[in-house]
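These notes are about the structure you will find just below.
The values are calculated or read from the model by the stated rules, or taken from the named source; none is laboratory data. Note that the coordinates shown come from a computational prediction; the quantities given were computed from them, not determined experimentally. All Cβ positions, glycine included, derive from the backbone under ideal geometry; neighbour counts span all protein chains shown.
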């Protein structure tokens, strides 16, 4: 069984990727876009899982990394002619990494609650800066820009269609998953997990815990920034709303719902959350509620029932939807 | 015993995570009796006291206090039933003054102002040093004074039994004899005492019966009169 | 710099007024954290709901006092219910779990309020009339009265904690929960009670803020951020420190807004936070750790 496990894993992964690749060809436009969005938010949540699930640090700062990735890409796309995909990727990743380094420096020396609050405040610092520095960031209105072509200079250039963009996102997200998985299973990842289990002991054994934490935050920030770049590519705009700490909070929700410490769990969590959002938005209209006598509930945001579900899960199902598979996935 | 014992502990088991600390402890304390619990470090003496006080919930067994089964009752109810617990590291409230520390036990329903005054007076007679320091925060007291305060505080509950966990640990010899006097005074007041100690002479001198514990079980049980310092049994289980 | 001295004085008054109310918010947060190690993310939403109850009561009765009392009582009860259903089951667990749970509560309450009360902000206009002249500018009395009320409530809390049986129960439980139980203090009730008191303080702050700022579903978010900064700068669990920190930060904020827009003036608080974390992480106003 032990020897077969990697085989089972790879087969499973290929099946899932294949399904996700075929999906845009058969789904109607709206659901196709939603699927791509689920993948992007899933990547963001996965990056956060590195911190929460593997290092044991709850961060509310991911919106900053995500947003800076988005704005970095936006800046690159607005400043290159024709808009260059790789430049956007590089700019977004560098911006996110810089922010992650900054936040990591201040926050990692703090434990638990202080860390969470400080990362939250840093998100807000960046939010305020972006919101008010209108000349650079477009302020409240954000930035809009052209989607770049998938191009390798000198070889070919092809504009993205909705489907090819989806495949691009799928490729990036799957690749990121594999990289993150490799990281968590490496000796580095093992140290992170031992920090999560018992930080004091890990420090006592001689590991420079702060340094590991900083690297963990930076890696996490890098992939979060990558998600931001993808989002910019998908939607062709960047807005300060994405830097607001609530986005970080929602990311953490995906983690918890999906199952921390599983890497794929958060993607499932993102999917679950976004599908619930769609579902409730459609259901909570007079059309469906009035006949059941619940007309008074019309217009209520999806966040109320979803939030209640989240709270219930935190209390009763803390391991999340896929949490039971954590052991298995971490082999 | 011809009458019901005040405290009956029957075969209690307790775990701390995966460690099996108490492997079936049974003991009894009669009304007004002074009983000693001897044993090395880590054998489960403190855990036994905590189980009786309701601060730790045994996984198996029974504890009956004053006719009432108590396992599962919240700790604050146990205190109200008449169990006064004095923990191993004293644990007085460091930022409360001496008087306020005493008041945590004094301020109970059904205790009128006159009664409270009387109790305070009595305890200040036992422990004049506390009277001097009554407005000082508990954390500024010396180790010995904190021990006095911890005992005095528990006495404010007017308990039927006092659970003392290593009260002489880290104290000067002069204070050790003070502790001995306090135990005798409690006995005169018909308050039962369950004394956990590593100080063998004190325990043999102050107590009527002794239980010796090793690895979470009672290994020996005898009246104090039958045991002497230096006995083989004492040496076997305590190494002294 | 060209700022008339009179403006400076006005801003000082404004800073003190906001600071006192912020101190009230932060005290509630610190009280709860000190006794049960829970950082209540939803504290801002208790403030917001309290503000709404206050606005509605004021509209119905015209009495600011009734608004204050009603909001405090209603939200105290509501807080107790939230605690008993959602937080108590989580008490033994990982502290991060309570952060998540209270964050969830905060989301639910914000969106509930948005749905129930709509997006348009409400206000309590000038609950007490009259102004006095400071230099050549008029300053309204009600602002000072509000500051006085906040100070009175905080003072009342201090007295309650210092004297009185329940105050001793709360302080003992904060210092050593296990021994408090061993002394017969009904700790589960004390925890519920403190959560209710903290929530009531947040609600009262909401009502006190209502004449100064707009009441809408998102107002809690602004104030919770400031409250967090205050609590960290003042020293986690340190009541006196958070009061000083609240006034300090509000004054800085008020002065900053002489030069920059309000949404930017919060950067000053952020900078103070960063400096505190760098140089005195236990808190600027906390006693130096031994």
task = Check whether at least one residue in segment C:144-161 is farther than 30 Å from residue B:96 by Cα, surrounded by fewer than 17 Cβ atoms within 10 Å (Cβ to Cβ), more than 22 Å from the chain's Cα centre (by Cα) and touching a residue at least 60 places away in the same chain (Cβ under 8 Å), and report yes or no.
result = no
query = Since residue A:17 meets every condition but one in (1) in contact (Cβ under 8 Å) with a residue 60 or more places away in the chain; (2) crowded, with 18+ Cβ neighbours inside 10 Å, which condition does it not meet?
reply = (2)
In segment C:55-67, the residues that are out of contact with any strand residue (DSSP E or B) (no Cβ under 8 Å at 6 or more places or on another chain) and in contact (Cβ under 8 Å) with a residue 12 or more places away in the chain = C:57, C:58, C:64, C:67
ask   = Counting only residues that are over 20 Å from residue B:136 (Cβ atoms) and either part of a loop (DSSP other than H, G, I, E, B) or touching a residue at least 24 places away in the same chain (Cβ under 8 Å) (or both), how many does segment B:97-113 have?
value = 5
message = When you scan segment B:104-121, do you find a residue that is farther than 17 Å from residue C:181 by Cβ and buried (at least 19 other Cβ atoms within 10 Å of the Cβ), even just one?
response = yes
query = Would you pick out the residues in segment C:219-252 that are in contact with a helix residue (DSSP H, G or I) (Cβ under 7 Å, 6 or more places away or on another chain), within 13 Å of chain A (Cβ to nearest Cβ) and closer than 29 Å to residue C:55 by Cα?
reply = C:220, C:221, C:223, C:224, C:225, C:226, C:227, C:228, C:229, C:230, C:231, C:249
request  = Please go through segment A:92-108 and pick out each residue that is within 20 Å of the chain's Cα centre (by Cα) and without any contact (Cβ under 8 Å) to a residue 24 or more places away in the chain.
outcome  = A:94, A:102
query = Of the residues C:198, C:184, which is in contact with a helix residue (DSSP H, G or I) (Cβ under 9 Å, 6 or more places away or on another chain) and either surrounded by fewer than 22 Cβ atoms within 10 Å (Cβ to Cβ) or within 14 Å of chain B (Cβ to nearest Cβ) (or both)?
reply = C:184
Wholly enclosed helices (runs of 4 or more DSSP H) of segment B:133-229 bearing at least 2 residues within 29 Å of residue B:108 (Cα to Cα), without any contact (Cβ under 8 Å) to a residue 60 or more places away in the chain and more than 15 Å from the chain's Cα centre (by Cα) = B:143-155, B:173-188
task = Taking residue C:101 as the residue in question, decide whether it is free of Cβ contacts under 8 Å to residues at least 24 places away in the same chain, outside any loop (DSSP other than H, G, I, E, B) and buried (at least 18 other Cβ atoms within 10 Å of the Cβ).
result = yes
query = When only residues in segment A:180-192 that are within 21 Å of the chain's Cα centre (by Cα) and surrounded by 12 or more Cβ atoms within 10 Å (Cβ to Cβ) count, which is nearest to residue A:44 (Cα to Cα)?
reply = A:180
remark   = Quick count over segment B:24-68, residues being in a strand (DSSP E or B) and under 17 Å from residue B:14 (Cα atoms), is 9
ask   = Quick one: would you say residue C:170 is over 29 Å from residue C:64 (Cα atoms), surrounded by 18 or more Cβ atoms within 10 Å (Cβ to Cβ) and more than 14 Å from chain A (Cβ to nearest Cβ)?
value = yes
inquiry  = For segment A:109-130, give me each residue that is at the interface with chain C (Cβ under 7 Å from one of its Cβ atoms), more than 21 Å from the chain's Cα centre (by Cα) and more than 22 Å from residue A:55 (Cβ to Cβ).
reply    = A:128
query = Restricting attention to segment A:292-331, which residues are over 19 Å from residue A:247 (Cα atoms), at the interface with another protein chain (Cβ under 8 Å from one of its Cβ atoms) and at pLDDT 80 or above?
reply = A:315
